[in-house]
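The block underneath contains the structure these notes are about, expressed in structure tokens.
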Amino acid sequence: MKKWFVTLFAALTVAISSVSFAGQIDAKDPYLLINSVAENAFSRLKADKDQYIENPELLRVVVKEELMPYINVRYAALKVLGPQARKASKEERDLFTDAFYDYLVASYAQILTQYTDQEINVEPAKKIDAKRKVVSVRVDILDKARPPIRLDFALRKNGKTEEWQGFDVQVEGVSMLDTKTSEWSGELRRNGIEDVAKQLIERAKAPITRDESAS
């Protein structure tokens, strides 16, 4: 499970060579979106590095402000619920979405404590048909200590705002959402949405700690 969050957040927080962004992120272009989120988050981490080392809990704020606005958490949560989403009440769907949000924030914040310098290659921008609602953007993570990793980010277009938001990533062809769906589907059937949501909330409360051996 940890591998998914390492690769996902690494791709969104490493430096993008020869690319510089300022101001508000343009979410109407999925290629610019990924590059911009990476640049903003990485710059913030570098600027306040000592502060985050001293108090890793502050990384939750970085995740909430720099990453989560560009993830369609509700859409992702409902895909994880699968058939259970149709059977659930609105209150149960809302409960699970909120719990999934907190779980992602905590997971990404914990991964940021292990951040090391990496480089990525984002595929060149392609022309997107105006009717397309879902696109995939390829990103290759280059790490001197490890073989390259291919990621394919799935982004969905909001029909009202025409802005793109991420909702899934494939790591070497394997979907993160499919993996989480498989992992939790049994518990959702046996114990119900409320029970699984409570588990996610409890996991999210775990302290964010720095692994000194990774530094």
query = How far is it, in nm, from the label point at Lys144 to the one at Lys49 when both lie 7 Å from their Cα along the line to the Cβ?
reply = 1.4 nm
remark   = The simple spin-label model distance between Glu91 and Asp129, using points 7 Å out along Cα→Cβ, in nm, is 4.3 nm
Surface per residue (accessible, 1.4 Å probe) for the range 30-205, Å² = 54 Å²
ask   = Counting only the heavy atoms of the protein chains, how much of Tyr101 is accessible to a 1.4 Å probe, in Å² to the nearest 10?
value = 70 Å²
inquiry  = So, R0 is 30 Å and r is the distance between the beta-carbons of Asp195 and Val61; what FRET efficiency does that work out to, to 0.05?
reply    = 0.55
inquiry  = I'd like the trypsin sites (Lys or Arg not before Pro) in the range 146-182 restricted to DSSP loop residues with at most 16 other Cβ atoms within 10 Å, sorted by number.
reply    = Lys160
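The values are calculated or read from the model by the stated rules, or taken from the named source; none is laboratory data. The structure presented is a predicted model; accordingly, all values stated were derived computationally and were not measured. Don't worry about glycine lacking a Cβ; one is built from the backbone with ideal geometry, like all the others, and counts go over all protein chains shown. In case anyone asks, the SASA skips ligands and DNA or RNA and just uses the protein heavy atoms, side chains included. Shrake-Rupley method; radii C 1.70, N 1.55, O 1.52, S 1.80 Å.
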